[in-house]
Structure formats: structure tokens, C-alpha cells
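Q: Mind having a look at this structure? Questions to follow.
The values are calculated or read from the model by the stated rules, or taken from the named source; none is laboratory data. In this text, all values refer to a predicted model and were calculated from it rather than measured experimentally. So basically every Cβ, Gly included, is an ideal-geometry build from the backbone, and we count neighbours across all protein chains shown.
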Amino acid sequence: MRLTAQQHAIIRSTVSDSFGASAAVWLFGSRADDSKNGGDIDLLIETGQSDINALTRVEISFLTQLQMKLGEQKIDVLLDYPSRKHRPPIFAIARNTGILL
């Protein structure tokens, strides 16, 4: 995994603060592969919250907080929640190949 211990802790705590302590977060993509270089931070977040309007606001706030804490860099988020009607294949790929933080 190509995150520092500090970055790992920041991501985990910001997810917990934003989506609740029971939210799970996976790092996937090139940052989950030690043999690759560069790349953005790709995250899959699973939350028990289901109000899509509230989740949209929380996601924006989460990304803003994370940018402020980690510095300017590309961060992509997939957000999974119980009332989601469609889960593109990337959700399964992220969960199956990612690293649970």
C-alpha cells in the first residue's frame, strides 16, 4: 500500500467523522499496489446512511476536509449505501482488490 501511516490515519479518521464510526473504507487502484508509481487516491466508502441528499453533502464535506488535511492531490471516491439501486462493476473490483483501511 502506497500511503504513509499518517495518510492512512487521516483517511480513516475523516471517513469516520464524516460517515460514522461504522463506515468502511477501501483503498484501491494504483495506490493499493506497491509495484506501481504515482496515481490518485481511489477510495470505496461503505456507509449505512441512506439519505442521498444528506450523503451528497457529506461527501462534498469529506472531500474538502481530506484535501485540507492531505494537501492538494487527486482523490476519487466511490460511495456505497443501502438504498443504492445500481452498483457498477467497479464497486466489486474495488472491494475485492482493495485494501481495507
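Q: In region 12-58, which residues are within 14 Å of TYR81 (Cβ to Cβ) and among the hydroxyl-bearing types (Ser, Thr, Tyr)?
A: Of everything in region 12-58, those that are within 14 Å of TYR81 (Cβ to Cβ) and among the hydroxyl-bearing types (Ser, Thr, Tyr) turn out to be SER18, SER22, THR47, SER50, THR56.
Q: Filtering region 20-34 down to residues that are at pLDDT below 95 and within 11 Å of the chain's Cα centre (by Cα), which residue is nearest to GLU46 (Cα to Cα)?
A: Going through the qualifying residues, I end up with LEU27.
Q: Suppose we filter region 34-62 for residues that are surrounded by 15 or more Cβ atoms within 10 Å (Cβ to Cβ) and of a type in the set (Asp, Glu); how many remain?
A: 3
Q: What helices (runs of 4 or more DSSP H) lie completely within the chain and have 2 or more residues being in contact with a Cys (Cβ under 6 Å, 6 or more places away or on another chain), in contact (Cβ under 8 Å) with a residue 40 or more places away in the chain and of a type outside the set (Gly, Ala, Ser)?
A: Working: elements: 5-19, 52-70, 89-97.
Hits in the chain: none.
Q: Now for a different question. Would you call LEU27 closer than 14 Å to PHE62 by Cα and buried (at least 19 other Cβ atoms within 10 Å of the Cβ)? Steps first, please.
A: Values: closer than 14 Å to PHE62 by Cα: no; buried (at least 19 other Cβ atoms within 10 Å of the Cβ): yes.
Spelling it out, it is not the case that LEU27 is closer than 14 Å to PHE62 by Cα and buried (at least 19 other Cβ atoms within 10 Å of the Cβ).
Q: Would you check which residues across region 63-78 are surrounded by 12 or more Cβ atoms within 10 Å (Cβ to Cβ) and among the hydrophobic types (A, V, I, L, M, F, W, C) and list them?
A: LEU63, LEU66, LEU70, ILE75, VAL77, LEU78
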